[in-house]
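Student: For reference, the structure I am asking about is given below.
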Amino acid sequence: MKSKFTAIILSLLLLFSFVSCSAENVQSNSTGQGYTKDDNALAVHFIDVGQGDSEFIEFPNGKNMLIDAGEQDAGETVVSYLKKINVESIDFVVATHPHSDHICGLPAVFDAFDIKTVYMPNAVSDSYTFELLLDKIEAEGCETIEAKQGVSVIDDENLNARFLAPVSAEYDDLNNYSAVLKITYIDKSFLFMGDAETLSENEITDDISADVIKVGHHGSKTSSSKSFINRVMPEIAVFEVGKDNSYGHPNKEVIERYENIGAEIMRTDLMGTIVLSTDGYSINDMSDSYN
């Protein structure tokens, strides 16, 4: 079964590597109802999808990106939020790894928006939702690129978005296939860890220092080792978790590790959707303007 789905992914990568989705000339236009993003700012929306992950990034070059979209019932939440801020199309979609709390909401996003490029690791699942996502990608005719260490999404003078993981070709745990992305705008950087666990953290040899981290695996004890946190040294640690979830996320010891290095803790289960904006020199919390 695994070889079957690997073949599907590889065929998508080959078939669509030079093909863009429909409506390529549609321009993204994202403005909050209570706040209009500065054209020169980078804005990151950590969307509250309960026990799952979803982040939307507005780049200062006019492009945008959606990373994951939570469980199936969160798909409409993500769609509604993006429409509220007047998103018309999505330039880049990142499906970090094929676990339901990350990809099940993406088919609803594909139904609602024109998607141009999809990044996903060479990881497979025999789940119906993973098959559905592959069907949506094929039907949309998206350019599909493997997410792995060294692959750049944007590489401009003052703006860079680059994958730091997965590093290895195969893992026993799907979490370690997570596409880890670092975005840097002038002097400020954001690190998105998906569900990457300690094994993946230890494999990353690139510079992982960041001002803001989307904490790996919802703050599970399987991620965010002390040595890893000391390499990142974030000012802000964002936990995307569901209120009173059955997994016990985030782990108390993980929270304390971030607090011990002076990081501000921000949690979607306590704050709702979190929005951080930067001009490249300072970071502002714009959450109140969107909630």
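Student: Out of segment 215-228, which residues are part of a helix (DSSP H, G or I) and either open to solvent by 10 Å² or more (accessible area, probe 1.4 Å) or within 21 Å of Ala74 (Cα to Cα) (or both)?
Tutor: Hits for segment 215-228 are Gly216, His217, His218, Gly219, Lys226, Ser227.
Student: Still on this model: Could you please find all residues in segment 139-154 being in contact with a strand residue (DSSP E or B) (Cβ under 9 Å, 6 or more places away or on another chain) and more than 21 Å from Phe56 (Cβ to Cβ)?
Tutor: Those that are in contact with a strand residue (DSSP E or B) (Cβ under 9 Å, 6 or more places away or on another chain) and more than 21 Å from Phe56 (Cβ to Cβ): Glu146, Lys148, Gln149, Gly150.
Student: If you take the residues of segment 278-291 that are open to solvent by less than 10 Å² (accessible area, probe 1.4 Å) and among the small types (Gly, Ala, Ser), which of them is modelled with the lowest pLDDT?
Tutor: Here the answer is Ser287.
Student: Something else now. Look at segment 84-115 and say how many of its residues are in a strand (DSSP E or B), under 24 Å from Pro166 (Cα atoms) and either touching a His at 6+ places or on another chain (Cβ under 8 Å) or not acidic (Asp, Glu) (or both).
Tutor: 5
Student: If we scan segment 256-271, do we find a residue that is open to solvent by 20 Å² or more (accessible area, probe 1.4 Å), at pLDDT 95 or above and in a loop (DSSP other than H, G, I, E, B)?
Tutor: Within segment 256-271, one or more residues are open to solvent by 20 Å² or more (accessible area, probe 1.4 Å), at pLDDT 95 or above and in a loop (DSSP other than H, G, I, E, B).
Student: Which members of segment 150-175 meet the condition of being open to solvent by 10 Å² or more (accessible area, probe 1.4 Å) and touching a Ser or Thr at 6+ places or on another chain (Cβ under 6 Å)?
Tutor: Asn160, Arg162
Yes or no, residue by residue, for (1) outside any loop (DSSP other than H, G, I, E, B); (2) at pLDDT 95 or above; (3) open to solvent by less than 30 Å² (accessible area, probe 1.4 Å); (4) under 23 Å from Glu71 (Cβ atoms):
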position	(1), (2), (3), (4)
Asn202	yes, yes, no, no
Asp207	no, yes, no, no
Ile213	yes, yes, yes, yes
Asn230	yes, yes, no, no
Pro234	no, yes, yes, no
Val238	yes, yes, yes, yes
Asp244	no, no, no, yes
Gly248	no, no, no, yes
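Student: I'm checking my understanding of the structure. Among residues of segment 97-138 that are β-branched (Val, Ile, Thr) and within 16 Å of the chain's Cα centre (by Cα), which one is surrounded by the fewest Cβ atoms within 10 Å (Cβ to Cβ)?
Tutor: Within segment 97-138, the match that is surrounded by the fewest Cβ atoms within 10 Å (Cβ to Cβ) is Thr117.
Student: Would you pick out the residues in segment 49-92 that are free of Cβ contacts under 8 Å to residues at least 40 places away in the same chain and touching a helix residue (DSSP H, G or I) at 6+ places or on another chain (Cβ under 7 Å)?
Tutor: Passing the criteria: Phe56, Gly70, Glu71, Gly75, Glu76, Val78, Val79.
Student: If you go through segment 152-166 one residue at a time, do you hit one that is in contact with a His (Cβ under 7 Å, 6 or more places away or on another chain) and within 16 Å of Asp195 (Cβ to Cβ)?
Tutor: For segment 152-166, residues in contact with a His (Cβ under 7 Å, 6 or more places away or on another chain) and within 16 Å of Asp195 (Cβ to Cβ): absent.
The values are calculated or read from the model by the stated rules, or taken from the named source; none is laboratory data. Fair warning: this is a prediction, and the values are worked out from it, not measured in the lab. Cβ: placed from backbone, ideal geometry, glycine included. Neighbour counts: every protein chain shown. Surface areas here come from the heavy atoms of the whole protein model, side chains and all, with no ligands, DNA or RNA. Shrake-Rupley method; radii C 1.70, N 1.55, O 1.52, S 1.80 Å.
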